[in-house]
Amino acid sequence: MPWRALACQLSRQRRDLPVKLFLRYPLVAGTVLALLAVAVLLMSGQPAIAQLAASGYALAVAAYLSVGMVRRLRSGHWGIDILAVTAIVSTVLVGEFIASMIIVLMLAGGTALEDYAAGRAKGELSALLERVPQTAHRERTGTAGNGTATNAVPNGTGDNGAHEDVAATDVRVGDILLVKPGEVVPLDGVLLSDAGTFDESSLTGESLPVERSAGEGMMSGSVNGEAAVRMRVTAVMEDSQYSRIVALVKEASESRAPMVRLADRYAIPFTAFAYALGAIAWIVSGSPTRFAEVLVVATPCPLLIAAPVAFLGGMSQAAKSGIIVKYAGVLEQLGKVRTAAFDKTGTLTYGRPSLVAVVTADSMDQDELLRLAGSAEQYSSHVLAASVMEAATSRDLRFETASEALEHATHGVRAVFDGREVVVGKPSFVAEYAPGVAETELQSGQLAIYVGVAGVYVGALVMSDPLRAEARRTLAELSSLGVTETVMLTGDALATARHIAAEVGLTDVRAECLPADKVEAVKSLNLRPVMMVGDGVNDAPVLAVADVGIAMGARGSTAAGESADVVIILDDLSKAAQAVRIGQRTVRVAMQSIWIGIVLSVGLMVAAAAGYVPAIAGALSQELVDLATILNALRALSPGRHAAPPKGQAEPSTSAITRTVLR
C-alpha cells in the first residue's frame, strides 16, 4: 500500500508540473503556444496570416513590457526592457516576425533562467530559511525551575506520552524539550541527556558531527543524531541563535552590492552604444534591417544579471562555510581588504585564561592573596575576573563581601573589605594605590594580574591564555591574499601584547586601549579597507567603525554581532581569512562574467552591423551569451581552486565564545 500511494503521489506531481510551470511563467507558456500556432499556419500555406498573428502577439508583449518599463524608470530602476521592446518592434517593422517571436521567447525564458540562477545562488541562504523549526516537543510537567522534570526517565528521553507538540514561538526559557532523532534543535538550550551527537554543518560549516555531554550548550538549527535527547531551553525563539542567523540571512539576500549598482549604471551607456551602432549600420547600409539585427543581439543582461547572481552565490558559499555576510556590499569590501585588525583575548587567543602561578611579594601566603583577589574580582565583568574566581573556588577559598566596590574599565577593580582596600588589575593601576609594584617576568602567552592590599603591593597572579592553534596560519593566509598590514588592538599591557604579536607575526601592536582608543586606532589606519575581527561587548564600537567588522562566534556578544558586518558562527579564526578569500573570488567572478558578456555582445553587435548575423541567428546567439555569463557567475558558488584544504583534524575551538569587557 505505501508504495502504491507513493506512486500515485508521484504521478499526480508529474501531471501538475505543466500547470505549475504555466502559472509561474505564463509568458513562456503563451509564447510557446503562439509559436506552435504560427508554425501550423506556415505549414498550412498561410504565411500572411502567420506573420500577422506573430507580429500582433509580439507587439502585444512589447506593449506589456513598456508599461512595466515606464514604471521602473520612474522609480529610478534601469532594466533590459527598453532594448528588448525596441528589438521586438524593429523586427516586426522589417518583416522578421519569426525573429520577433524568438526574442519574446528568449526574453521570457531569460526571466526563468534568471530565477533559476538566483535560486541556485541563494541555495544555502534559502536552506537556512527553510529549516526554521516550527514546533517543539515539550514535556507537560517539565518546567525548569529545578532543572529536572517529574516525568523524567534517567538517561533516557522521557518519551512516555507526557509530551505535547507546541509552536516553537510558545516555548519559554526553562521548558524541557524532547528532540527526536534527525530533528532540528528548535531553540538554544542545555543538554540534559548524558550525551548527544549533533550535525552543525549547516550553521558552522564543520562537516564532522559534534558530540555534546550533559550540561553543554546546544545550538538551535543543529540536527540531532540517532538518539533522542532531552534539553532545557535557555532562550526563547526570537533570542535563539538560529533566529538571529535567519534574520541576518533575510537582510543579506535582499541587499545589493555597490558593484551591482555600478553595473546598472553601465547598462545605460551600453544601451546608448547599441542604438548608435544600429543607427550607423542603418545609415551606411541603407537598410533598416541592419538596425533591427544590431538590437536583436544587444543585451545588457551580463551587466544586470551576472553581478547579482555572482554576489548571491558568494554569500551562499560563505553561509555554507559558517560565515554570515549581512550585506552584499560587504563581500566587495572583503575582496579589497588591505589591513586586518584583531582584538587579542578571545580572538587571537582562546579567551579562557587559567591560573598558572601565584607570585607573592611580602609575607602574605598564596591562598590569602588569591582569596582577596577573587573577592575583589566578584565586582568585575572582565574575562580574567571569572578565571581568578574559578581558580580560588577550586582551592575551596571563600570570598568576602565588599562594603564598597568600583570597576575601572580596562584597568582593574577596587574593593573594600572590613576597612581593607584591595586593588586588582594592571601594574600602573595598582601602583596608584600600592606603590612598589614590580612587574613579573612572563613567558609567551602569559599575562599577570597585580594585587595591592591596604596600600601595599602583595604580589601577582600569572595567567595563561594560549594562542589559538589556527592564528599563525590565518595571518599567513591573509598575507598571501594581499593583506599587507596586521594590527592587534588590545586593552592588555604592552609586554603581554608584544609576546602574542611576535608569536603570531603581526606587523603592529596597540596596547592598553580603551574602547574609544580602538575606534581612533582604526580610523587612523591609512591602508584601507580595514577589517576588524573581535568578539567582546567592548568590540562593538570598533566593529561598527571598521570598513568590515567581523564578529567571532555566533554565541558571543550580541552587541558585537549586531555591530559587525560579518558573523562567524564557528569559533574559528581561520574563517576570517576564508571570508576575505570568498570576497575576492566573488568580485573576480562577477567582473569576469560582466566582461565576458560585454565582449561577446559587442562582438555580435559589430558582426550584425556588418551584415553577418541575420535576425533569427542573432536572437538565438543573444540567449547563448546570457546563458554563458550567468553560468560563469554561478561559479561563485564553488570555493575555487585556491580554497583552503579541509582540515584533517578539527583544531581546538571553544564551544561558547566568552563575553568580555577587556581592561
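Numbers below:
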{"quantity": "Cut-off under 5 Å, modelled amide H: who pairs with Val509 long-range", "calculated": "Met488"}
{"quantity": "Sequence of Phe342, Phe270 once ranked by neighbouring C-beta atoms within 10 Å, starting from the fewest", "calculated": "Phe270, Phe342"}
{"quantity": "Residue-span extension gain [Arg352 to Ala502] - 0.36 nm each, minus C-alpha spacing", "calculated": "52.0 nm"}
{"quantity": "Packing-based exposure ordering (other Cβ within 10 Å, fewest first) of Arg230, Arg395, Arg588", "calculated": "Arg395, Arg588, Arg230"}
{"quantity": "Extension gain, Asp365 back to Leu624 (0.36 nm per residue minus Cα-Cα distance, nm)", "calculated": "85.1 nm"}
{"quantity": "Summed side-chain charge close to Phe417 - residues other than Phe417 whose Cβ falls under 14 Å, Lys, Arg +1, Asp, Glu -1", "calculated": "-2"}
{"quantity": "Over 21 Å (Cα to Cα) - which of Lys426/Lys518; Lys426/Lys575; Lys523/Lys575; Lys320/Lys518; Lys336/Lys575 fall in this group", "calculated": "Lys426/Lys575; Lys523/Lys575; Lys320/Lys518"}
{"quantity": "Contour excess over end-to-end distance, with Cα ends at Glu238 and Ile49 and 0.36 nm allotted per residue", "calculated": "61.8 nm"}
{"quantity": "Residue exposure sequence - Met101, Met552 - by fewest surrounding Cβ within 10 Å", "calculated": "Met101, Met552"}
{"quantity": "Other-chain or far-sequence residues with amide H under 5 Å of Glu400's (modelled H)", "calculated": "Ser375"}
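Each reported figure results from applying straightforward, stated rules to the coordinates on display, with no laboratory input. These figures come from a predicted structure and were not determined experimentally. Cβ: placed from backbone, ideal geometry, glycine included. Neighbour counts: every protein chain shown.
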